Amino acid sequence: MGSGDSPKVSVDLGELRMFAEVLEADVEQGLRPGVIRAEKELQNGLRFGAHTVGGEVVASRQLMAMALDRARRNGASQVGAAQVLIDAMRKVLDNYTNADELSAANLDAIEKILLGALATSKDLVSDLSPHRGEFE
């Protein structure tokens, strides 16, 4: 990149589509169900040391509760972050598809204009061409 040039982005649409599909499958078949399953299992809270009032067991219970809460939030964050990436890749793919369709439509319109102009110019030229015998 030199003096003020913008970085160029090159997108392999096939690779992007494949990556989005793989990521989405991983999220839907693994990550999301795992997070949901873990959340269900943790809804009952911690069971060890529930009736203990003192010392190390209570401290361990508190630390374990904090660690599990953090793990639940991390799992939800990972699912959310993966979904943001999937949505972004889908938008990029849609934008490229729409741009390609718009370009194709524009090319069709341009072709019609040029064909119409060609037909009109042929008519004009044939009207200007001398006919046989006109100058004889």
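Each residue of segment 108-113 in turn: what ³J(HN,Hα) in whole Hz from Karplus with 6.51, -1.76, 1.60 and θ = phi - 60°, glycine and Pro shown as x?
Using θ = phi - 60°, the values come out as 4, 5, 5, 4, 4, 4 Hz.
About the Cα centre of the chain, what is the dipole size in debye to 20, counting +1 per Lys and Arg Cβ and -1 per Asp and Glu Cβ, all else neutral?
For this selection, approximately 1260 debye.
What FRET efficiency comes out for the pair L93/A59, r = Cβ-Cβ distance, R0 = 41 Å, nearest 0.05?
So, using R0 = 41 Å, E works out to roughly 0.20.
Got the relative contact order for the chain handy, in percent, Cα pairs under 8 Å and 6 or more residues apart?
33
Going by average Cβ neighbours within 10 Å, how do the peptides 81-93, 62-74 rank, with the highest at the top?
81-93, 62-74
Under 19 Å between alpha carbons, and skipping anything fewer than 8 positions from K8 in its own chain: which aspartates and glutamates qualify?
D100
For semi-axes √(5λ) of the Cα gyration tensor in Å, the listed values are (i) 56, 12, 8; (ii) 36, 18, 11; (iii) 72, 16, 9; which was obtained by calculation from the structure presented?
Read-out from the structure maps to (iii).
Coordinate-derived values only; no laboratory data. Quick caveat: nothing in here was measured; it's all calculated off a predicted structure. No Cβ is skipped: glycine too gets one built from the backbone with ideal geometry, and neighbour counts run over all protein chains shown.
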